[in-house]
Amino acid sequence: MNNKKSIRGKLQTFSGAMMVPVILLVIVGFYVGVGSAFTNYILPKGNILYAIFDIITGIGFMIMRYLPLWFAVGIAFTLSKKEKGWGALAGLFLFFAYITAISKFAGYMGWTESSVTVDNLIKAGYTQEKAMNFNSLWTNFAGIFTFDMGIFSGIICGLVAAWANNRWCEKELPMLFSFFSGAKYVIIMVSLLAVPLSIITYYVWPIIASLLQYLTNFITSTGLFGTFVFGTLDKMLLPFGIHHLIAFPIEYTRVGGTMMIDGTLFEGVRNIINGQAGSAGATGYITRNFTTGRILFQLAGIPGVGAAMYFTAKKENRKKVLSIVLPAVLTLMLVGISEPIEYTFLFIAPALYFAVYAPLCGLCYVIAELANVSINGNALFFMIPNLLQPQKVHAMALIYLLPLTFAVYFFVFKFLIEKFNLKTPGRQSDEEGDIKFMSKKEYNEIKKGEKSKADNKNKLPEAIVEAFGGASNIEEVTCCATRLRVTVKDVALVADEKVWKNDLEALGVVRNNKYFQIIYGTRVTTLTTKVKDVLENI
C-alpha cells in the first residue's frame, strides 16, 4: 500500500513539473492570437506597429517550435531538489546531447535526412505506406536531424537530468579533479548518459511511436465515446492530482492529431488551435479539441452547482453562502479554477461526485463537439484574443447551451442536496461549523489531534513553512498552475486543514501520504518562490 501511495505521490510531483513549461503556452495563446490579428487583418505592412506585432507573433510561434526544449529545462528545474539552476542547465545540455547522439547513431545505421525521404525509401523497397510511416519518425530540430518525438524527448531529458542532478550535485572528487566536483560533475555525467540513452531510444522509439499511432487511431475511431471517456476521466483523476497526465498527450503531441497549417505541421489540439489563431487563411478552430466542453461546465455548470448550494442553504445563512460562492464562481469563470466548489461536493458526497458530476462534465465535452462549437480558450480571460479574430469563432450554439447547462446542473444538484440532505455550505447549524468550502483532505480523512500551528504574526510564506513542520521537515517544493506541491518527511508535523483554510488563505488541501497539494489559485507561482526564499534563508 505504501508503495502505491509513493508511486501516486511521484506521479503528482511529475504532473506538477509538467505544468511549468505548459504555462508558457498561455503566453503563446495571447501572443499569437493578438499579434496575428493585427498583422493579418488590422494593420498594413510597412507600419511600425505591424513590425512590433509581427515580432510578438514570431515569439509565440518560437515558443511552440521549441516546445520539447522548454519541457527539458522546466522539468529538470522543477524536479531538482538542490542546485536548481545547474539542474536546468543539465536539462538543456542533455537535450541537445541526446538528439545529437540519436542523429549520429542513426547515421551510422545508414539513416540521414536524405535517405529517409519517401522517394528514397520507395526506391529502397519500402511500400508507399511503410515509407510514409517511417519518414514520419524523423524531423529536423534546430538544425539537427533526429527523431520526431515531440515533447517526449524533452520529458525524457528533464527527468534524467533531474535524477542526475539530485544524485550527483554534491559529488566530491579527489583534490586533483576537484574542479569537476558537484554540479560540474552532473554536466559531465549527463553528456555520458546521452550515449546509451540515444542508442536505447533508437531501437525503442519506433515501437512507442507505433503505439502512439494506435492510440491516436483509437481516439479518432471512437468518436464521441472517446470524447466522453476523456472528459469523464479528466474529472475523476482530479482528486488524485494526476488529471494533467491524460490531457498533455492529447493537447501537445500527435496523439491529439496533426494538421498542416501554412506549411507547418502542428501536433496536438492546443498547438493546432494556436496555429489556426496565427493563420490568415484559417476560417475557424477545430471542434474536436477536447477543451471546448470546459466552457459549458466552467461558465454555466459549476455556477449552477453554486446556485444550488445557495438556494438549498438556510435562509438566514444565504448571505454568508453568497459571500463565498460568488467569488469562487467569478474566479472560475475568469481563469478556470474550479477546485473550491468541486472539492466541497467531493467531500460531502464522493459517490455522487464520481457517479454524477464527472459523467456530466464528460457529457459537456460531447455536447460542445456535437454543436460544432469552435472557439479559442475555455475561460473568459483566455478568450480575449477571440475578440480580435471573431471570424474564426463559431460559437452561436453557446447562446442556448450555456443556460441549458446551468439549468441541468442546478436542478440535478438541488435535487441531490435535498434528497440526500447533503451538508453543503449554509445547511449546517451554527454548532456544526462555519460556512466555508471543504477540500480533498477531508474527503480522505479529517486529521485528529493537535497540530503544529503557524504563528499568525508571520508573513504567509514563513507561516506556510511552519505549517509544514518547519524547513527541516520539507523535502521538496514545487507548484503547478494553481497548487503548491510539497513533499514532507513526517506528516504528523503538518498543520490541520482548518489552519490552512482559516489562517493561511488556502482554498483547499489535497493529501496523499507525505505528498501535499495546497490550492492557492493563480497566485501560487509567486507564493512558491517566496516559500523557497524562506527555505534558503533558514
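Readers should treat all values here as calculations from the given coordinates under stated rules, not as data from a laboratory. All values reported here derive from a predicted model rather than from experimental measurement. Here Cβ is always computed from backbone atoms with ideal geometry, including for glycine, and neighbour counts include all displayed protein chains.
Assuming a viscosity of 1.567 mPa s and a temperature of 4 °C, what translational diffusion coefficient in µm² per second does Stokes-Einstein assign to the chain, Rh being the Kirkwood radius over Cα pairs?
Values: Rh = 25.3 Å.
For the chosen part, D equals 51 µm²/s.
What does the convex hull of the Cα atoms of the stretch 83-208 come to per residue, in Å³, rounded to a whole number?
With only Cα atoms used, the stretch 83-208 gives 110 Å³ per residue.
Which cross-chain or sequence-distant (5 or more) residues have an amide H under 5 Å from the amide H of residue 261, H modelled 1.01 Å from N in plane?
For residue 261, whose amide H was placed from the backbone, the distant partners under 5 Å are 266.
Note down the relative contact order for the chain as a percent, whole number, built from C-alpha pairs under 8 angstrom at least six residues apart.
Result for the chain is 15 percent.
Select from the chain the helices, each a whole stretch of DSSP H, whose alpha-carbon atoms run 27 Å or more along the helix axis and whose Kyte-Doolittle mean is at least -1.0; answer none if there are none.
2-37, 84-108, 183-236, 398-419
May I have the convex hull volume per residue, in Å³, for the Cα set of the stretch 293-432?
Enclosed volume per residue, from the Cα hull, is 99 Å³.
With equal scatterers on the alpha carbons only and no solvent term, can you work out the Debye log10 of I(q)/I(0) for the stretch 35-144 at 0.11, 0.12, 0.16 1/Å?
The Cα Debye sum returns log10 ratios of -0.63, -0.71, -0.88.
Cβ neighbours within 10 Å, averaged per peptide: list 113-125, 509-521 in order, most packed at the top. Intermediate values should be presented prior to the final figure.
Working: 113-125: 13.4, 509-521: 22.5.
Descending mean neighbour count gives 509-521, 113-125.
Quick one: which of 498/530; 315/530; 81/320; 423/530; 319/489; 314/501 span more than 32 angstrom between C-alpha atoms? Intermediate results must be reported in sequence, preceding the final value.
Details: 498/530 22 Å; 315/530 42 Å; 81/320 42 Å; 423/530 36 Å; 319/489 42 Å; 314/501 23 Å.
In this structure, 315/530; 81/320; 423/530; 319/489 exceed 32 Å between Cα atoms.
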